[in-house]
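For reference, the structure I am asking about is given below.
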Amino acid sequence: MRWLVCGLAALGLVESAAAADYFDDSYLRGAEVYQPGTPFYQRWAGVYAGGQLSYSIGTFELGQGTESLVSYILRNTAIQGDVIGWTALPQSDTTGVGFGGFIGYNAQWDNALLGVEFNYSHLRLRDDASDSLSRSFINNAQAPPNHTFTYDITVAAAATVALTDLATFRARAGWIYDNLMPYGFFGLAVARANVMRSASVSGTLHDLDNIAGPPTTDSGLVFTPGSITQGQSGVFAFGYALGTGVEYALMQSLFLRGEWEWVAFPSIKDTKVHLNTVRTAIGFKF
């Protein structure tokens, strides 16, 4: 009986140890299959917003910046078509800085991301130029028979274009690598600018007479159609934008951004403007 009791007691101890091992093992297995918090890349979807700083290089094609003014000065004259295409002003580049913010929404499918964004920057980007161009040409549209009209014309022009605000409405697409998300975008661009420009046309008209005998030319008639100056603040211009960038998640809701953007405006009061802009930004995902 003594050995039987000892044997049963030993068996009980073994079963207790096995039971303890079972519960301990279950706890350990539970820790092994426990899922950590949602990774960064699974939280790119949703609403986001942030602030940014920018540096821009602007190309201002001022060559035709006073074309509409010259056309108005020469309205109802025979030489309007000969002169309005002159590029009296040069093309030039200028630089400026800006600051602003953005707000958008992302939708995500696995590693793919599509979104829309409104982006705004307040700028300090200004360019100005002044110059003149003189040419001689023949136009007999108003000349009497057997007469040749030669015009010596000078166009003097000046223009200043200052961009103050830039906004883009973008569609964008990205690809997610954990907490890194490169993206590309394109969309509509709207700018606000202050424009000041002036133009004047002057010259002489020479009449070559071939009626009888050798050709004779008069000393030149003064030809001064006039001048005009125009200034306007808050001019709105429309164009398009495209670019690329990358975002890096610092925390679940906080990210850094770096991007490059190219914007084109076909005409800001006869001036074509192209912008190359780099930005750095910090954003928050809601």
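The stretch 67-152: which trypsin sites (Lys or Arg not before Pro) are DSSP loop and have at most 13 other beta-carbon atoms within 10 angstrom?
Values: sites: R75, R124, R126, R135; in loops: R75.
Loop-located and lightly packed - R75.
In whole Hz, with x marking every Gly and Pro, tabulate ³J(HN,Hα) for the stretch 65-75 from phi via Karplus 6.51 cos²θ - 1.76 cosθ + 1.60, θ = phi - 60°.
x, 10, 4, 5, 5, 4, 4, 5, 4, 8, 4
Taking the Cβ of T66 as the centre, find all other residues whose Cβ is under 13 Å away and add up their charges (Lys, Arg: +1; Asp, Glu: -1). Kindly include the intermediate steps, with their values, before the conclusion.
On the way: positive: R197, K269; negative: E61, E67, D128, D131, D270.
Computed value for this residue: -3.
Students often get this wrong: which residues of the stretch 114-131 have the backbone nitrogen under 16 Å from the point 7 angstrom along Cα-to-C-beta of A167?
Counting only backbone N, you get 117-123.
Net charge near T280: determine it from the other residues with C-beta under 15 Å of the C-beta of T280, scoring Lys and Arg +1 and Asp and Glu -1.
Neighbourhood net charge equals -1.
Can you compute 3J(HN,Hα) from phi for each residue in the stretch 231-248, using the Karplus curve 6.51 cos²θ - 1.76 cosθ + 1.60 with θ = phi - 60°, rounded to whole Hz and x for Gly and Pro?
x, 8, 9, x, 6, 9, 10, 10, x, 9, 9, 8, x, 8, x, 8, 10, 10
Continuing with this model, one more query. With a Förster radius of 45 Å, plug the Cβ-Cβ distance of F137 and N194 into 1/(1 + (r/R0)^6) and report the FRET value to the nearest 0.05. Display every interim value, and only then the final one.
Working: r = 35 Å, r/R0 = 0.78.
After rounding, the FRET efficiency stands at 0.80.
On to the next question. From the phi of every residue in the stretch 169-176, what ³J(HN,Hα) in whole Hz does the Karplus formula 6.51 cos²θ - 1.76 cosθ + 1.60 yield, where θ is phi - 60° and glycine or proline is x?
10, 10, 10, 9, 9, x, 10, 9
Every read-out reported here was derived from the displayed coordinates using simple, explicitly stated rules and does not represent laboratory data. Quick caveat, the model's predicted, so the values are computed rather than measured. Positions of Cβ are generated from backbone atoms using ideal geometry, with glycine treated the same way; all protein chains shown enter the neighbour counts.
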